Structures are given as structure tokens and as C-alpha cells.
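Novice: Got a structure for you, written out below as C-alpha cells; questions coming shortly.
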Amino acid sequence: MPVHSATCPTQDPRRPRVSLFGVPADALDMEQTVEAVRAMIRCGAPHQHVCLNAAKAVELDSNPDLVRAVAQCDLISVDGQAVVWASRLLGAPVPERVAGIDLFVRLLEEAAAHALPVYLLGARQEVVDKVLQVAAERWPSLLVAGARSGYWTPEQEADVVAEVAASGAQLLFLAIPSPRKELFLERHGQALGVPFRMGVGGSFDVLAGVTRRAPVWAQKSGLEWCFRLLQEPRRMARRYLVGNASFLRLTLRHRIGL
């Protein structure tokens, strides 16, 4: 179990940070990101992580509530090759893409290796059940403090928060859409009482095998969105076809603004 410190800082002053699309971002690679999470769990105070991808950058441009929620996060990873390329164009380079699904899997490995209880919250119940099955097979020593679907009414929200807080989880993974997940985690950060909380979007679907990831070459070339679009054309068409054009315009606007 982690050793809690009552005086740990929310942000390491040595950690390199840049500014992208109106919010800070951590210029860390995967290994440095995992080490930052380890430090946050050792600290014991509540910390929030968020991924910055192209779709979220576009949403930030018109959603001040999301800007506030993202800006206050303790760890902000760049998830999306397009944002990595944009960071170089904007003179605020980050070393590499830290994909949310990859970080999620790495942290499950860490949790299993160090007996850190996790809470899995989000997605459909059948997906959650499949994630639990896959996790038990891949990481037999993983301690699951609790799990439930991402469907609840406003009246049930306080009960969901109380359930997570009472579970003793050290890591909370929340698989609901943006910006709902960022706003939920910001709104209930202290009440959840979890040292590390992370929104993981569609990662439960990927781990459960409901959604397939693109081949590695597509991930590295920035074409993973094409693979997602082919799998779910009706659901993803607006996000990618309209969203990618909006992200390009947004990047050029910030470049000209510099």
C-alpha cells in the first residue's frame, strides 16, 4: 500500500509543462507519466488526470467549463498524434503521444504488481463484466475494489460517489464520454477520495474486445481515427470528419496568434 504524505504538492515543480490550446499539458513520455502517477498515489491526496486529444481541444475552444476542469488537473497527457504534431508547430513540443488506453493498461499492471485496489466505473454493464473477466485473466493479482456501469440518474449520482469513496480504491477509472467525465471528476474530486482518478473514455470497450484498436502503423502515422471511423461510421463520422477540420483550423489560428 502507498505511504500517504500530508504535505505532498499537487504538482511537481520539476515536471516540464507547456501550454496548448489554452490549457497546460505535461511534456512527458509514457514512463515519466507512469512515474508521476506513482508519486501521486504515494502522496495519497486526490489527483486528477486528463487526456488532451484533437476532439477535446476543439471542445475546449467553446466550453469554458471544460477549460476550467482540464486546467486544474494534476496530470495532463497528450493523447493523439495530431496534438503531438500541433505541439511542434505551436512551439510547445511534447516528446510523444501517451495514449489513454495504453496508460490505462500500464496502470492496471502497476496496480496488480503493487496491490493497489482499483474501481472501474463506466460503459455498459455487460462491457464492465467483460473487462472484469479479461482483467482477472491477464492480472490475477489485481484487486478490484468495485465496478459498475456508467448509467445513473442525477438522483443516483451522490450514491455513486459515496460507493466509490467507501470502496478504498487507490485508482478510479471512469469510462464515460467527454466532457461529462471531466466535469464529473472535477465536481466530485474531493468527495471521491481516490488518490488517482482518470477518465478513460472508450478504453473499457477496447479492453473488453468490443472495439478493436488500429494497427500500430496506423497509430504512429496519425491514422487511427480512420480505423475507428470504419468500425463505427455512424457514431464517429461527425467527430472525425467535422472535428478534424475544426482541429486544423484551431491549430492554424493558434499558430497565427503566436
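Novice: Suppose the filter is among the aliphatic types (A, V, I, L, M) and either at positive phi or not assigned by TED's automatic domain parsing to the domain that holds residue 77 (or both); does residue 123 pass it?
Specialist: Yes.
Novice: Looking for whichever is over 15 Å from residue 186 (Cβ atoms), among the hydroxyl-bearing types (Ser, Thr, Tyr), surrounded by 15 or more Cβ atoms within 10 Å (Cβ to Cβ) and out of contact with any His (no Cβ under 8 Å at 6 or more places or on another chain) here; the options are 87, 77. Which one fits? Give the steps one after another, and end with the answer.
Specialist: Details: 77 fails: out of contact with any His (no Cβ under 8 Å at 6 or more places or on another chain).
From the options 87, 77, the qualifying one is 87.
Novice: Here's something else I'd like to know. Can you tell me which residue among 74, 29 is touching a helix residue (DSSP H, G or I) at 6+ places or on another chain (Cβ under 7 Å) and touching a residue at least 60 places away in the same chain (Cβ under 8 Å)?
Specialist: So the residue among 74, 29 that is touching a helix residue (DSSP H, G or I) at 6+ places or on another chain (Cβ under 7 Å) and touching a residue at least 60 places away in the same chain (Cβ under 8 Å) is 74.
Novice: OK, next. Is it the case that residue 125 is surrounded by fewer than 22 Cβ atoms within 10 Å (Cβ to Cβ), closer than 19 Å to residue 255 by Cα and of a type in the set (S, T, N, Q)?
Specialist: No.
Novice: Looking at (1) among the small types (Gly, Ala, Ser); (2) modelled with pLDDT under 95; (3) over 22 Å from residue 104 (Cα atoms), which one does residue 55 not meet, given that it meets all the others?
Specialist: Of everything listed in (1) among the small types (Gly, Ala, Ser); (2) modelled with pLDDT under 95; (3) over 22 Å from residue 104 (Cα atoms), residue 55 misses just condition (3).
Novice: Next up: Taking into account only those residues within the stretch 134-185 that are in contact (Cβ under 8 Å) with a residue 12 or more places away in the chain and polar (S, T, N, Q), which is nearest to residue 204 (Cα to Cα)?
Specialist: Taking the candidates together, the pick is 149.
The values are calculated or read from the model by the stated rules, or taken from the named source; none is laboratory data. In this text, all values refer to a predicted model and were calculated from it rather than measured experimentally. When we count neighbours, we look across all protein chains shown, and the Cβ atoms used for this are built from the backbone with ideal geometry, even at glycine.
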